[in-house]
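Report on one structure; see the data block that follows.
Read-outs throughout are calculated quantities, based only on the coordinates presented, and are distinct from any laboratory measurement. Because the structure is predicted, anything quoted here is derived from the model rather than measured. Counting neighbours? That spans all protein chains shown, and the Cβs are built from the backbone with ideal geometry, glycine included.
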Amino acid sequence: MNNFSIITFGCKVNQYESQQLREALAGQGFKEVASHQADISIINTCAVTVESQGKGRRATRRARRQNPSAFIIASGCSAAAFPEELRRAGAHLVEPDKEKVLRMLLALGPSRQSCPGQTLPGISSFQGHSRAFIKVQDGCQEFCSYCIIPYVRPFAASRPMAEVVAEAQRLAQAGYKELVLAGINLGRYNEGLSKLILALQEIGPVERIRLSSIEASVVDRELLALAKHGKLAPHFHLPLQSGDDHILHKMNRHYTARGFLKNLDEIRSYLNEPAITSDIMVGFPGETEEEFRHTVEVAKAAQFARTHIFPFSPRPGHKEKKRRP
């Protein structure tokens with residue numbers, strides 16, 4: 001079992017973790033091949049919506065159908081939330097923890113080594129991308145009422161700044177001029193995003209740094225100064241979700257529509273024509289036509305450069321999810 005393939009769904013963090021696994025396996029003598037040729041087929045799944053959950057399930061079935069002799073592993077968030085569904089779809093192993101997947105594969109692979117303490121290394125390239133994603137933070141404990149992620153990635157943790165900088169230096173040496181900082185709750189990076197960006201922009205070959213999704217309230221003057229005078233791109237993806245205060249309260253989002261727009265005004269007063277993009281959820285349970293119109297009005301006032309609009313997706317137990325104090 002020397003050949004493997006990886007199929008990835010979901011966020012930049014998931015994509016980064018697939019790259020970690022890819023490099024770790026390649027470093028131990030495994031060879032990446034097309035899915036239909038693989039001895040081991042790894043499906044890195046997502047669970048944030050019904051649609052993304054279904055993509056992982058269908059990919060598992062397809063892998064089983066295209067290559068019946070392959071050993072199929074389902075990992076990622078759907079593996080944590082819906083393990084039986086993935087087993088029924090044909091996965092031989094369902095394991096959310098990618099470090100455990102790595103240790104198991106090393107025991108089966110070319111060297112047949114048992115590595116109980118083996119961890120996923122940092123990365124030195126990013127397959128299929130001209131810019132490199134770097135995971136700097138994992139986990140979320142915000143408990144938005146519609147979201148399953150705090151239950152499948154419950155432990156908030158930040159990578160040490162020195163480790164992130166060393167990884168960025170390797171990527172820069174490999175030719176990547178643009179870095180994208182990613183996290184499940186990026187604004188909670190515990191050593192400070194501004195301090196991290198200051199360190200990263202000292203890496204000469206790096207020309208631009210971007211942030212993945214971040215809460216509007218986290219964009220402070222330090223970040224804005226880095227976007228104005230440093231290497232941070234003047235682009236912020238700030239999820240609105242709803243423009244109605246009643247719906248925001250039901251979502252367990254801790255801001256008001258007016259407060260969100262005020263944050264945007266502050267960004268625009270400091271930066272010349274920043275790109276501001278957003279996420280908006282429609283059809284939240286109980287949302288009325290009037291509440292929906294409030295969202296439309298706020299979206300118009302926000303003048304987003306681009307908006308990802310998506311329907312509410314029921315997640316198991318969403319009615320019972322606890323509210324964060």
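Some notes on this structure:
- Under 27 Å between alpha carbons - lysine pairs in the range 96-243 that sit 8 or more apart or on different chains: 11
- Note on the range 63-106 and the range 1-18: Cα centroid distance 12 Å, given to the nearest whole angstrom.
- Residue among GLY286, GLY29, GLY122 with the largest mean-square fluctuation in a Gaussian network model of the chain, springs linking Cα atoms under 10 Å: GLY286
- Read-out P(r) over Cα pairs in 10 Å bins from 0, in percent, derived from the coordinates shown; its label in [x] 6, 24, 31, 25, 12, 2, 0; [y] 4, 18, 23, 22, 18, 11, 4, 1, 0; [z] 5, 19, 19, 17, 16, 13, 8, 3, 1: [x]
- DSSP bridge pairs, the chain: antiparallel proportion in percent, nearest 5: 5
- Three-way shape call for the range 132-320 based on the alpha-carbon gyration tensor, with the a/c threshold at 1.5: oblate
- Cα-Cα P(r), the range 88-209, percent of pairs per 10 Å interval: 12, 32, 33, 20, 3
- Environment charge at GLU297 (Cβ cut-off 13 Å; Lys +1, Arg +1, Asp -1, Glu -1): -2
- Candidates PHE155, PHE30, PHE143: whichever shows maximal mean-square fluctuation once the chain is modelled as a Gaussian network with Cα springs under 10 Å: PHE155
- Ordering of 69-81, 182-194 by burial proxy (mean other Cβ atoms within 10 Å per residue, highest first): 69-81, 182-194
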